[in-house]
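Q: I have a structure here, written as structure tokens, and I will follow up with some questions on it.
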Amino acid sequence: MGKVILITGATSGLGAALAQHLLNKGHVVYGTSRKESGEKEGIHILKMDVGDRSAVLAGVASIIESHGAIDVLINNAGLGIAAPTEEINFEELEMVFKTNIYGVLNMVHAVLPHMRSKKSGHIINISSIGSEIGLPFRGLYCASKAAVDKITEGLRLEMRKFKIGVTSIQAGDIQTNINTNRVRPTELSETYREDFERSYAVINEEVNHGVHPRVFGPVVDKIMNTKNPKRCYRVGKPLQRWAPVLKRLLPTALFDSVLMKDYE
């Protein structure tokens with residue numbers, strides 16, 4: 001039987017691809033958007049900013065009222081940020097953390113009472129392989145995703161007695177519009193301008209040649225249909241998937257040199 005699935009950030013990129021894939025599998029799919037609402041190609045879109053706790057609670061309540069369940073929550077909504085750590089804009093950083101961290105917590109808090117009452121459900125948090133590696137000029141983005149991973153790990157253990165699964169998907173570079181939406185500085189000092197602009201071009205190019213969002217659909221299927229799914233799944237190009245392993249195995253200086261080869 002089809003499940004009732006809620007995906008945050010579902011109108012473009014990875015979220016849209018997952019929503020369409022799961023709809024095609026026969027599930028009832030709800031998505032969230034900060035800008036629009038209505039029905040889009042069979043997907044129910046709720047206008048919701050995941051950083052707005054009241055809006056989240058109201059949106060989740062409306063789905064449960066209509067269908068009696070939310071079987072799967074996919075926390076996909078997120079913001080990218082790239083900047084020299086020393087010159088980070090704290091207002092922009094707060095906006096990113098409000099979406100990437102507090103947004104996940106708002107969604108989790110909204111669905112858990114219902115899932116606990118049923119003793120069933122699954123929460124899938126979209127994280128990043130970057131959560132395992134502090135990347136140059138993206139250290140604070142990596143930090144936000146590392147927080148998501150640790151929230152996932154702790155919550156997973158807390159939910160064992162309630163038979164609720166909690167899993168993260170660490171994504172590598174994906175062909176999405178994140179380059180357009182990523183928060184970046186409008187002004188840079190001479191100290192970092194040249195290095196940042198060179199690195200930023202590499203970041204954009206890596207996204208342009210990343211994996212297609214459709215490869216995530218079968219991974220979500222596997223998580224949903226496996227009795228005891230893993231804590232974490234990595235999806236991306238082979239070298240990206242293996243990077244956290246290489247970080248543990250290689251001497252620090254060697255790993256840093258290999259990592260920085262594309263940026264310097």
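Q: For Tyr263, project a label point 7 Å along Cα to C-beta. Then give me every residue of the stretch 189-210 with its amide nitrogen under 12 Å of that point.
A: 195-203
Q: Let me ask another. Show the residues, 5+ positions off or on another chain, whose built amide H is closer than 5 Å to the amide H of Arg234.
A: Close amide H contacts, sequence-distant or interchain: Gln170.
Q: Semi-axes of the chain's equivalent ellipsoid from the Cα gyration tensor, sqrt of 5 times each eigenvalue, largest first, rounded to whole Å?
A: Numbers: eigenvalues 204, 82, 57 Å².
Square roots of five times the eigenvalues give 32, 20, 17 Å.
Q: I want the local charge near Met95. Using Cβ-Cβ distances under 15 Å, sum +1 for each Lys or Arg and -1 for each Asp or Glu among the other residues.
A: Working: positive: Arg34, Lys98, Arg182, Arg184; negative: Asp49, Asp52, Glu91, Glu92, Glu94.
After counting each charged neighbour, the total is -1.
Q: Let me ask you something else. When Lys and Arg each count +1 and Asp and Glu each count -1, what net charge do the other residues less than 13 Å away from Gln240, Cβ to Cβ, add up to?
A: Details: positive: Arg234, Lys237, Arg241, Lys247; negative: Glu132, Asp173, Glu206, Asp262.
Once positives and negatives cancel, what remains is 0.
Q: For the stretch 66-83, what does the Karplus curve 6.51 cos²θ - 1.76 cosθ + 1.60, with θ = phi - 60°, yield as ³J(HN,Hα) per residue in whole Hz, taken in order and with x for Gly and Pro?
A: 7, 10, x, 6, 10, 7, 9, 10, 10, 7, 10, 4, x, 10, x, 8, 9, 5
Q: Compute the signed sum of charges (Lys and Arg +1, Asp and Glu -1) over the other residues within less than 14 Å, Cβ to Cβ, of Ile64. Present the calculation step by step, with values, prior to reporting the outcome.
A: Numbers: positive: Lys3, Arg116, Lys118; negative: Glu65, Asp71.
Summing Lys/Arg as +1 and Asp/Glu as -1 gives +1.
Q: Any chance you could check the Cα centroid distance between the stretch 90-147 and the stretch 160-176 for me, in angstrom?
A: 10
Q: Let me ask something additional. Each residue of the stretch 49-59 in turn: what ³J(HN,Hα) in whole Hz from Karplus with 6.51, -1.76, 1.60 and θ = phi - 60°, glycine and Pro shown as x?
A: Per residue, the Karplus-derived 3J(HN,Hα) values read 8, 5, x, 9, 4, 5, 5, 4, 4, 5, x Hz.
Q: Find how many whole Å separate the alpha carbon centroid of the stretch 179-240 from the alpha carbon centroid of the stretch 3-65.
A: First find each Cα centre; the distance between them is then 22 Å.
Q: Can you give the FRET efficiency for Phe162 and Leu246, using 1/(1 + (r/R0)^6), R0 = 35 Å, r = Cβ-Cβ distance, to the nearest 0.05? Please list the in-between numbers first.
A: Working: r = 37 Å, r/R0 = 1.04.
That pair, Phe162 with Leu246, gives E of 0.45.
Q: Placing unit charges on C-beta atoms (Lys and Arg positive, Asp and Glu negative, everything else neutral), compute the dipole magnitude of the chain about its Cα centre in debye, rounded to 20. Spell out each step's value before the answer.
A: Values: 33 positive and 28 negative charges, 354 e Å.
Dipole magnitude for the chain comes out near 1700 debye.
Q: Tell me which residues come under 5 Å, amide H to amide H, from Ser128 once H is placed; ignore anything under 5 positions away on its chain.
A: It is Ala171, by chain and number.
Q: Would you please put 56-63, 43-50, 124-131 in order of how densely packed they are, using the mean number of other Cβ atoms within 10 angstrom per residue and starting with the highest? Working shown, then result.
A: Values: 56-63: 17.8, 43-50: 20.8, 124-131: 25.5.
Order by mean packing, descending: 124-131, 43-50, 56-63.
Q: Nearest 10 degrees, 0 to 90: what angle lies between the long axis of helix 139-158 and the longest principal axis of the chain (Cα atoms)?
A: 30
Q: Quick one: of Lys40/Lys98; Lys222/Lys247; Lys161/Lys230; Lys25/Lys222; Lys3/Lys98, which pairs are farther than 23 Å apart, Cα to Cα? Write out the running numbers ahead of the final one.
A: Numbers: Lys40/Lys98 26 Å; Lys222/Lys247 27 Å; Lys161/Lys230 17 Å; Lys25/Lys222 13 Å; Lys3/Lys98 29 Å.
Distance filter (> 23 Å) returns Lys40/Lys98; Lys222/Lys247; Lys3/Lys98.
Q: Tell me which residues come under 5 Å, amide H to amide H, from Gly210 once H is placed; ignore anything under 5 positions away on its chain.
A: Gln175
Q: Rounded to the nearest 500, what is the 222 nm mean residue ellipticity of the chain from helices alone, with -39500 (n - 2.57) per DSSP H run of 4+ residues and division by all residues? Each step should come with its number before you reach the end.
A: Details: 10 runs with 122 residues, N = 264.
Estimated from H runs of four or more residues: -14500 deg cm²/dmol.
Q: Another one. Could you state the angle between the C-alpha long axis of helix 103-118 and the longest principal axis of the C-alpha atoms of the chain, as a value from 0 to 90 degrees rounded to the nearest 10?
A: 30
Q: Taking θ as phi - 60°, what are the ³J(HN,Hα) couplings along the stretch 126-132 by the Karplus curve (6.51, -1.76, 1.60), each to the nearest whole Hz, with x for Gly and Pro?
A: 7, 10, 8, 4, x, 5, 8
Q: Can you tell me how much longer the chain between Lys40 and His67 gets when fully stretched, taken as 0.36 nm per residue apart minus their C-alpha distance, in nm with one decimal?
A: Details: separation 27, 0.36 × 27 = 9.72 nm, distance 1.85 nm.
Working it through step by step, the gained length comes to 7.9 nm.
Q: To continue, here is another question. Name the most mobile residue of Glu206, Glu39, Glu187, meaning the one with the largest mean-square fluctuation, in a Gaussian network model of the chain with Cα contacts below 10 Å.
A: For the chain, modelled as a Gaussian network with Cα springs under 10 Å, the answer is Glu187.
Q: Only four residue types carry charge here, +1 at the Cβ of Lys and Arg and -1 at the Cβ of Asp and Glu. Report the dipole size of the stretch 213-258 about the Cα centre in Debye, rounded to the nearest 20.
A: My answer is approximately 180 debye.
Each reported figure results from applying straightforward, stated rules to the coordinates on display, with no laboratory input. Everything numeric in this text was worked out from a predicted model, so none of it was measured. We place every Cβ from the backbone using ideal geometry, glycine too, and count neighbours over all the protein chains shown.
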